[in-house]
Amino acid sequence: MKVHEYQGREIFKQFGIPVSEGYVAETADEAGALAMKINSPVVIKAQVHAGGRGKAGGVKVVQNPADASGVAGNILGMEIKGLPVKKVAVVRAVDIEHEYYLGVTLDRESRMPMILVSREGGVDIEQVAAQTPEKIGRAPIDPLIGPEPFVIRKALYSGGFDADEIKGISPILAKLCKCYLDMDAQLAEINPLVRTKDGAFMAIDAKIDFDDNALFRHKELDAFKEESEVDALEAEAHGLGLAYVRLTGEVGVIGNGAGLVMATLDMAAAAGRKPANFLDIGGGARADVVANSLSILLKDPNVKGILINVFGGITRCDEVAKGIIEAAGRFEIRVPLVIRLKGTNESEGRALLEQAGYTFEESGMDAARRIVELIGAA
Ligand code: GDP
Ligand code: MN
């Protein structure tokens, strides 16, 4: 789960990371009033779940606070990477002398949290990492021991930071590591951390991405949940308790168990059409879960056909069958539907569906080929 910069700033503050003074506004008037309250040059910043806001024109320094509402009005009318800007942060502008990059993320190769730092932070960090990887310092954090001071220093040394920088930045980097670990984040990033004209170090951006599987441990993040949803259909599906991810193809897929669902996505693609989604009804799903799943898929205008691939273990095929029949009673299934149903209570499930006029495919791959036949190849 991603949070907005203004929310990330609040979390950073709780961990003692110095951040510039900032507020959030939903209208140009509100932003103008906040700028007048700050009463110095301000930065107006689009709050969207996308990086590169600066380059897209979503971050503007405003010298005279009286101009802030006009600038905020423009930014509130923008779309950045397809996301409408609904909020702006109004932040006291900082006199920047230098921009650094500090980040902690999960390194799957070493299977450890990894500290990444650079003396060349700012909006071109991706380019720095791609073209001059030697300018990125790094050090893994042993998850059993935590970020020991020597690990923090090692990261900064390997990034070429000088003694003064190491002295000023080490405590901030240690707090960022603590924030990453304590909050079960998969990314915690300050880009840029700046050195101001008077020699202080301060975060002027905040990016945190939390591990969804650990959110149950962080009730304090519930308030941020709703806003983190960018796709309305995903939000609706998650509201119904479904494990649903929207993809870009045309074959709606429903299955039980993440492995089987992912294999089914591959089967659809191998048969010639891309999947429109991932949807795992989980183990032991009841009829209403299946019906709700169908209702979500049918709301996606990209879905041209639906492939249900269930291998019943804990999940009972007759419950799945009841769910399909319930769905057909509740709303029109406007696209072709292909079903593969095997395992626990298979014969009961099939009997119910046969009565309702459905047929079956014997394997997932047969079902994938059939749905592509019905939709037509791409
Ligand atoms: P991003 O582009 O989405 O990462 O947004 P940032 O918050 O990182 O801002 C982008 C750039 O805007 C920074 O790298 C700075 O160069 C500039 N910027 C942001 N805040 C300030 C500020 O307070 N003062 C000045 N002078 N520049 C700022
Ligand atoms: Mn940034």
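Just checking, does segment 53-62 include any residue being over 23 Å from the mean Cα position of the chain (by Cα), touching a residue at least 12 places away in the same chain (Cβ under 8 Å) and more than 16 Å from ligand 2 (Cβ to nearest atom)? Among the residues of segment 53-62, at least one is over 23 Å from the mean Cα position of the chain (by Cα), touching a residue at least 12 places away in the same chain (Cβ under 8 Å) and more than 16 Å from ligand 2 (Cβ to nearest atom), which makes the answer yes. Just checking, does segment 69-92 include any residue being under 22 Å from residue 231 (Cα atoms) and acidic (Asp, Glu)? The answer is yes; a qualifying residue exists.
For segment 363-378, the set of residues classified as in contact with a strand residue (DSSP E or B) (Cβ under 7 Å, 6 or more places away or on another chain) and either buried (at least 19 other Cβ atoms within 10 Å of the Cβ) or under 13 Å from residue 311 (Cα atoms) (or both) consists of 363, 364, 367, 368, 370, 371, 375, listed by residue number.
All of (1) free of Cβ contacts under 8 Å to residues at least 60 places away in the same chain; (2) touching a Pro at 6+ places or on another chain (Cβ under 8 Å) hold for residue 251 with one exception: (1).
Six or more apart or on different chains, Cβ atoms under 6 Å: show the pairs whose first residue is in segment 74-88 and within 15 Å of residue 54 (Cα to Cα) and in contact (Cβ under 8 Å) with a residue 40 or more places away in the chain and whose second is small (Gly, Ala, Ser) and in a loop (DSSP other than H, G, I, E, B). From segment 74-88, the pairs are 83/50.
In the condition set (1) more than 15 Å from ligand 2 (Cβ to nearest atom); (2) surrounded by 15 or more Cβ atoms within 10 Å (Cβ to Cβ); (3) assigned by TED's automatic domain parsing to the domain that holds residue 126, residue 87 is compliant with all but (3). The set of residues in segment 1-43 being surrounded by fewer than 17 Cβ atoms within 10 Å (Cβ to Cβ) and acidic (Asp, Glu) consists of 10, 21, 26, 29. Of the residues 148, 120, 134, 126, the single one that is within 16 Å of ligand 2 (Cβ to nearest atom) and exposed (fewer than 15 other Cβ atoms within 10 Å of the Cβ) is 126. Residue 111 passes every criterion in (1) more than 11 Å from ligand 1 (Cβ to nearest atom); (2) charged (D, E, K, R); (3) not assigned by TED's automatic domain parsing to the domain that holds residue 177 apart from (3). Of the candidates 68, 72, 46, the single residue that is within 30 Å of residue 132 (Cβ to Cβ) and buried (at least 22 other Cβ atoms within 10 Å of the Cβ) is 46. Taking the listed residues 220, 234, the one that is buried (at least 16 other Cβ atoms within 10 Å of the Cβ), without any contact (Cβ under 8 Å) to a residue 40 or more places away in the chain and away from ligand 1 (no atom under 16 Å from the Cβ) is 234, with no other qualifying. Listed by first and then second residue, the pairs linking a residue in segment 89-102 that is within 9 Å of residue 192 (Cβ to Cβ) to a residue that is outside any strand (DSSP E or B) and within 6 Å of ligand 1 (Cβ to nearest atom), with Cβ atoms under 6 Å apart and 6 or more places separating them unless they lie on different chains, are 99/122.
Yes or no, residue by residue, for (1) of a type outside the set (Gly, Ala, Ser); (2) part of a strand (DSSP E or B); (3) in contact with a helix residue (DSSP H, G or I) (Cβ under 7 Å, 6 or more places away or on another chain):
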| position | (1), (2), (3) |
| --- | --- |
| 334 | yes, no, yes |
| 342 | yes, yes, no |
| 349 | no, no, yes |
| 357 | no, no, no |
| 361 | yes, no, yes |
| 365 | yes, no, yes |
| 370 | yes, no, no |
| 373 | yes, no, no |
| 378 | no, no, no |
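Checking each residue in segment 145-193 for being assigned to a loop (DSSP other than H, G, I, E, B) and more than 25 Å from the chain's Cα centre (by Cα) picks out 145, 146, 147, 148, 159, 160, 161, 162. Go through (1) surrounded by fewer than 19 Cβ atoms within 10 Å (Cβ to Cβ); (2) more than 26 Å from residue 21 (Cα to Cα); (3) free of Cβ contacts under 8 Å to residues at least 60 places away in the same chain for residue 212 and report which single condition fails. The one condition residue 212 does not meet is (3). Screening the candidates 69, 40 for the property of being farther than 22 Å from residue 125 by Cα and part of a loop (DSSP other than H, G, I, E, B) yields one hit, 40. No other residue among 137, 159, 122, 168 is modelled with pLDDT of 95 or more and at positive phi apart from 122. When 288, 280, 266 are checked against the criterion of being closer than 25 Å to residue 316 by Cα and crowded, with 19+ Cβ neighbours inside 10 Å, a single residue qualifies: 280.
The values are calculated or read from the model by the stated rules, or taken from the named source; none is laboratory data. In this text the structure is predicted, and so the values were computed from the model without any measurement. Glycine gets a Cβ as well: all are built from the backbone with ideal geometry, and neighbour counts include every protein chain shown.
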